[in-house]
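The values are calculated or read from the model by the stated rules, or taken from the named source; none is laboratory data. Every value quoted in this text rests on a predicted model; they were computed, and no experiment measured them. Cβ atoms come from the backbone with ideal geometry, glycine included; neighbour counts cover every protein chain shown.
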Amino acid sequence: MEVLYDSPPLAISYDPAHEWLYVEWRGSHTAASARSGGEQILDCLRQQPCRKMLNDNTLVTSDWESAARWVGGEYYQQLAELRMRYVAWVCATNWSARKSMETAMLFITEPTVVLFDDVATAYTWLARQGRH
């Protein structure tokens, strides 16, 4: 994996074997940190274009409900505009963080986003997407 960005709350890597971004969110997040992290992911996607992303929220420990509409309505639309097609979104074990994710899902029209409870299942699903 090629590390594109790494900080305590967010790590972004490119997996050349699968041609996807692996994004790991960590700890407590607010609307502001969700938005700045989303902008960082968009920057990395411009730097390393790809059509798939494994978005791992397993380690998120707080809700970010106030950013859910932006994440689902604007951020994911921007991902689609950068040609992102498939996102495997791994749910946080924290209930309030998971609720924020489910709220964001209400606003997503593209790309294709599927929620998962574990990284292994998300990985398997994402690897199967886009095959001809």
Exercise. Counting just the residues of region 1-44 that are among the aliphatic types (A, V, I, L, M) and closer than 19 Å to ARG83 by Cβ, which one comes out nearest to the chain's Cα centre (by Cα)?
Worked result: VAL23
Exercise. For the subset of region 44-90 comprising residues that are closer than 14 Å to GLU110 by Cβ and small (Gly, Ala, Ser), which member is surrounded by the most Cβ atoms within 10 Å (Cβ to Cβ)?
Worked result: GLY72
For this session: Among the residues of region 36-70, write down those that are touching an Asp or Glu at 6+ places or on another chain (Cβ under 8 Å) and either part of a helix (DSSP H, G or I) or over 15 Å from VAL90 (Cα atoms) (or both).
Result: GLN48, CYS50, ARG51
Exercise. Touching a Pro at 6+ places or on another chain (Cβ under 6 Å), farther than 16 Å from GLN129 by Cβ and not aliphatic (A, V, I, L, M): does that describe GLY27?
Worked result: yes
For this session: Might you check whether a residue that is closer than 23 Å to GLU2 by Cβ, in contact (Cβ under 8 Å) with a residue 60 or more places away in the chain and either small (Gly, Ala, Ser) or in contact with a Ser or Thr (Cβ under 9 Å, 6 or more places away or on another chain) (or both) occurs anywhere in region 113-121?
Result: yes
Exercise. Would you pick out the residues in region 8-35 that are in contact with an Asp or Glu (Cβ under 9 Å, 6 or more places away or on another chain), in a strand (DSSP E or B) and over 19 Å from TRP95 (Cβ atoms)?
Worked result: LEU10, ALA11, ILE12, SER13, TYR14, ASP15, LEU21, TYR22, VAL23, GLU24
Problem set entry | Enumeration of residues in region 93-106 that are surrounded by fewer than 22 Cβ atoms within 10 Å (Cβ to Cβ), touching a strand residue (DSSP E or B) at 6+ places or on another chain (Cβ under 9 Å) and not acidic (Asp, Glu) | THR93, ASN94, ARG98, MET105
Problem set entry | Index of the failed condition, TRP20 passing every other in (1) at pLDDT below 90; (2) in contact with a Lys or Arg (Cβ under 6 Å, 6 or more places away or on another chain); (3) of a type outside the set (D, E, K, R) | (1)
Exercise. In region 81-132, which residue that is modelled with pLDDT of 90 or more, among the basic types (Lys, Arg) and part of a loop (DSSP other than H, G, I, E, B) is farthest from the chain's Cα centre (by Cα)?
Worked result: ARG83
